[in-house]
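Some notes on the structure that comes next.
The values are calculated or read from the model by the stated rules, or taken from the named source; none is laboratory data. Only a predicted model underlies this, so the values are computations on that prediction, with no experimental measurement involved. Backbone-built Cβ (ideal geometry, glycine too); neighbour counts: all protein chains shown. With ligands, DNA and RNA removed, areas are computed over all heavy atoms of the protein, side chains included. Shrake-Rupley method; radii C 1.70, N 1.55, O 1.52, S 1.80 Å.
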Amino acid sequence: MKIVEGMVYGSRILNYRYPNLEQGEMLQVNGIILHQTNSRSAFPTLLAYYWRDVGAHFLIAPGGMIYQTARIDRICHHVGMIRSMCSTTHSCSPDYDKAVKSIMAGSGNRDEKRMAIHKLEMQKPPQLRYPINMDSIGIEVCGASENGVYEAPTAAQNNATTWLVDMLLTHLSLKRVQVYKHPNVSYKEPTEASLIEF
């Protein structure tokens, strides 16, 4: 296995790069985000990537094949608005806690309030907030949802996810605590990626 210009080469990975998913140079990686696609095969996602500018760096099919769809040194839009990390861990400063409570009690709809919190979080250094599009690698695992509940990944997918995450952690000098499931970072269906093992 080798990495050349952001592309990973090895027997477990197919190069399916979509330049339209790449949104500029990623200067630093501060996390890995695990997603599920809401489809049972890789084909619908690979097809959609032809015309979308939203997507992840990797896609893992039910059989365990890994498709690399964007360079790991390029930004992809896959995270969305982030939650307040200190609110989740109950470690906010009094002033920040007051600002979040003011936003939640103020006017505006749910999405406007989430965007206001996202903007507050974006002002923090990386170690004090969740990873964002500009500093994270996205891994999509094929898996459909029914009534908002995502299916469990296959054993082959979990095996491939573990291998890929381990490889990226080593290559990027990241720690396992910097791997997140999408709903923990952003406002997504709680069961998305919840059963992915890594």
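Measure out, as a whole number of angstrom, how far apart the alpha-carbon centroids of region 92-117 and region 7-64 sit. Spelled out, the Cα-based centre of one part sits 33 Å from the other. Segment GLU112..SER87, full-extension length gain: 7.2 nm, with 0.36 nm per residue of separation and the alpha-carbon distance subtracted. Solvent-accessible area per residue in the chain equals 51 Å², computed with a 1.4 angstrom probe and all protein chains kept.
Determine the share of the chain's accessible area contributed by carbon and sulfur atoms, expressed in whole percent, with a 1.4 angstrom probe. Provide the component values of the computation, followed by the final result.
Working: 5370 of 10070 Å².
That share works out to 53 percent.
Straight-distance candidates among the lysines for linking to LYS188, with alpha-carbon spacing under 16 Å and chain neighbours fewer than 8 residues away dropped: LYS113. Spin-label pair ALA144-HIS77: with each label point 7 Å from Cα along the Cα-Cβ axis, the two points sit 2.8 nm from one another.
For region 107-198, what does the alpha-carbon gyration tensor say about shape, rounded, prolate or oblate, given a ≥ b ≥ c as the root eigenvalues, a/c under 1.5 as rounded, and a/b over b/c as prolate? Since a/c reaches 1.5 but b/c is at least a/b, the shape of region 107-198 is classed as oblate.
Axis of helix 110-122 versus longest Cα principal axis of the chain: the two differ by about 80°, to the nearest ten degrees.
Compute the normalised compactness of the chain: alpha-carbon radius of gyration over 2.2 N^0.38 Å, N being the residue count.
Output field value: 1.04.
Between GLN123 and LEU195, the C-beta separation translates, for a Förster distance of 41 Å, into a calculated FRET efficiency of about 0.75.
For the peptides 54-65, 105-116, what is the packing order when you average, over each peptide's residues, the other Cβ atoms within 10 Å and list the highest mean first?
54-65, 105-116
Computed from Cα atoms, the angle from the helix 94-105 axis to the main principal axis of the chain rounds to 90 degrees.
What is the gain in length, in nm to one decimal, between GLU151 and ASP166 on full extension, counting 0.36 nm per residue of separation less the C-alpha to C-alpha distance?
Working: separation 15, 0.36 × 15 = 5.40 nm, distance 2.33 nm.
Fully extending the segment from GLU151 to ASP166 adds 3.1 nm.
Cys residues of the chain that find no other Cys beta carbon under 4.7 Å: CYS76, CYS142. The helix-only estimate of mean residue ellipticity at 222 nm for the chain, built from DSSP H runs of length n ≥ 4 each weighted as -39500 (n - 2.57), is -8500 deg cm²/dmol after division by the residue total. Scoring 122-128, 176-182 by mean Cβ neighbours within 10 Å over their residues and listing the highest first yields 176-182, 122-128. Label zone of ASP135 (point 7 Å out along Cα→Cβ, amide N under 12 Å): in region 27-59 this covers 27-32.
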